[in-house]
Amino acid sequence: MRTLTEKQQKFLDALALHGDIDLAIETAEYASNSKWNVVQSLRKEIADIASGVLASSSVSAALKLKDIITSSSPVPQAAAKIQACNSVLDRTGHSKVEKLEVNAEGGLFILPAKDA
């Protein structure tokens, strides 16, 4: 991991806390017109923060899906909520697993000829 300046670390801390790039720029005392340069220079660290936010949100998404599934009464905007939960879970590695089961009789399985 690279060494960050105190100002860069202050920016990243504020971004993680508030989720607002403009407020983080102001908190770290960068010039208001330096937003693009700051974001470009810290884009990997910003992406890491976003990944962390998604990871921590995955538990909430899973619990919300459980609430929707087990609810005995209609859930307003259930389809949109399910889609949002699935999106968070997909992005954090909890996507639907597709399995392909192959059963072969006997001890030899012959594949068709490979076209050149």
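The values are calculated or read from the model by the stated rules, or taken from the named source; none is laboratory data. Small disclaimer: the values here were computed from a predicted structure and weren't measured. Neighbour counts are summed over all protein chains in view; Cβ atoms, including those assigned to glycine, are modelled from backbone coordinates with ideal geometry.
Mind listing whichever residues of the stretch 85-104 are loosely packed, with under 15 Cβ neighbours inside 10 Å and in contact (Cβ under 8 Å) with a residue 12 or more places away in the chain?
Listed by number, the list holds a single entry, His94.
In this structure, does Ala50 turn out to be modelled with pLDDT of 90 or more, within 30 Å of Gln8 (Cβ to Cβ) and hydrophobic (A, V, I, L, M, F, W, C)?
yes
Of everything in the stretch 27-36, what is within 12 Å of Lys7 (Cβ to Cβ) and either assigned to a helix (DSSP H, G or I) or small (Gly, Ala, Ser) (or both)? Give them in sequence order.
Within the stretch 27-36, Thr27, Ala28, Ala31, Ser34 qualify.
Filter the stretch 71-107 down to the residues that are of a type in the set (Asp, Glu) and out of contact with any Lys or Arg (no Cβ under 9 Å at 6 or more places or on another chain) and list them by number.
Across the stretch 71-107, the qualifying residues are Glu98, Glu101, Glu105.
Pairs, please: C-beta under 9 Å, at least 6 apart or cross-chain, first residue β-branched (Val, Ile, Thr) and in the stretch 44-60, second exposed (fewer than 13 other Cβ atoms within 10 Å of the Cβ)?
Ile49/Gly19; Val53/Gly19
Just the residues that are outside any helix (DSSP H, G or I), at pLDDT 90 or above and within 16 Å of the chain's Cα centre (by Cα), please, taken from the stretch 57-116.
Answer for the stretch 57-116, where residues must be outside any helix (DSSP H, G or I), at pLDDT 90 or above and within 16 Å of the chain's Cα centre (by Cα): there is none.
If the Cβ limit is 8 Å and pairs must be 6+ apart or interchain, which residue in the stretch 15-43 that is at positive phi pairs with which residue that is among the hydrophobic types (A, V, I, L, M, F, W, C)?
Final answer for the pair search is Gly19/Val53.
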